[in-house]
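Below you'll find the structure, written out as structure tokens, and then a few comments.
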Amino acid sequence: MDSIAKILERYPFVERENLIPILQDIQQEQGYLTEEAISQVGRYLNLPASKIYSLATFYNRFRFQPRGKYHLQLCRGTSCQLHQAGRIEKKISRKLDLGDGQTTNDGLFSLEVVSCMGACGLGPVFSVNERYYTGVTEDRAEEIIDYYLEMEG
């Protein structure tokens, strides 16, 4: 039995209200939502895959491709934005050829721009696999990325 079928077994009552928890469980297990997972959930809940995809794309917590080995998050909240977070995002994008919600072709890095990381007085805030860096500048962001690139040799 595949992992999606095992997750669906946890929801014996076929109800639409279970859709978000099911998708959360699948993403927790697999790291992201695949087309096959969405199709399988649709068959189980008797919902069109297009409706499931529409709901999942509405919430920014669902992903449709795997995260990179190094998952970068950049805060774009008001305070961070006032402290040049937009420039940092451009620097990261140019350096890694990577946009928000994307993963590099080699699977090494992924980028997620978030609305707030809850450290407004310390911004801009940037994290790599939930290791947080505060007061980040464009140069510091590049140094941080270079550090992880060097670790890969």
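Read-outs throughout are calculated quantities, based only on the coordinates presented, and are distinct from any laboratory measurement. Since the structure is predicted, the reported quantities are computational estimates derived from the model, not experimental observations. Note: ideal-geometry Cβ built from the backbone for every residue, glycine included; neighbour counts use all protein chains shown.
For Val14 and Phe64, the FRET efficiency from 1/(1 + (r/R0)^6), where r spans their Cβ atoms and R0 equals 25 Å, is about 0.55. Tilt of helix 85-96 relative to the longest C-alpha principal axis of the chain, in degrees (0 to 90, nearest 10)? For 85-96 against the chain, the angle is about 80 degrees. If each Cα of segment 3-58 is one equal point scatterer, what is log10 of I(q)/I(0) from the Debye formula at q = 0.14, 0.15 Å⁻¹? Values, matching the q order: -0.29, -0.33.
Near Arg10: Cβ cut-off under 12 Å, other residues only, Lys/Arg at +1 and Asp/Glu at -1. The net charge is -2.
With a cut-off of 13 Å between beta carbons, the residues surrounding Glu143 carry a summed charge of -2, where Lys and Arg count +1 and Asp and Glu -1. Here the Kirkwood formula puts the hydrodynamic radius of segment 15-94 at 14.6 Å, using every distinct Cα pair. Relative to the longest principal axis of the Cα atoms of the chain, helix 138-151 runs at roughly 60 degrees. For helix 49-58, what angle does its Cα long axis make with the longest principal axis of the chain, in degrees from 0 to 90 and rounded to 10? For 49-58 against the chain, the angle is about 30 degrees. Electrostatic bookkeeping for Phe126 treats Lys and Arg as +1 and Asp and Glu as -1; over the other residues with beta carbon under 10 Å from its beta carbon, the sum is +1.
Looking at the chain, which Cys residues are left with no other cysteine's beta carbon under 4.7 Å from theirs? So, Cys116, Cys120. For Thr78 and Lys51, the FRET efficiency from 1/(1 + (r/R0)^6), where r spans their Cβ atoms and R0 equals 41 Å, is about 0.75.
Note that the chain carries a Kirkwood radius of 17.0 Å, evaluated over its alpha carbons pair by pair. Each listed q (0.15, 0.25 Å⁻¹) maps to a log10 I(q)/I(0) for segment 70-151 from the Debye sum over equal C-alpha point scatterers, namely -0.44, -1.26.
Model label sites at Gln30 and Tyr148, defined 7 Å from Cα along the beta-carbon direction, differ in position by 2.4 nm.
For the pair segment 11-75 and segment 87-148, the centres of their Cα atoms are 25 angstrom apart. Relative to its Kirkwood radius, the Cα radius of gyration of segment 87-130 gives an Rg/Rh of 0.98.
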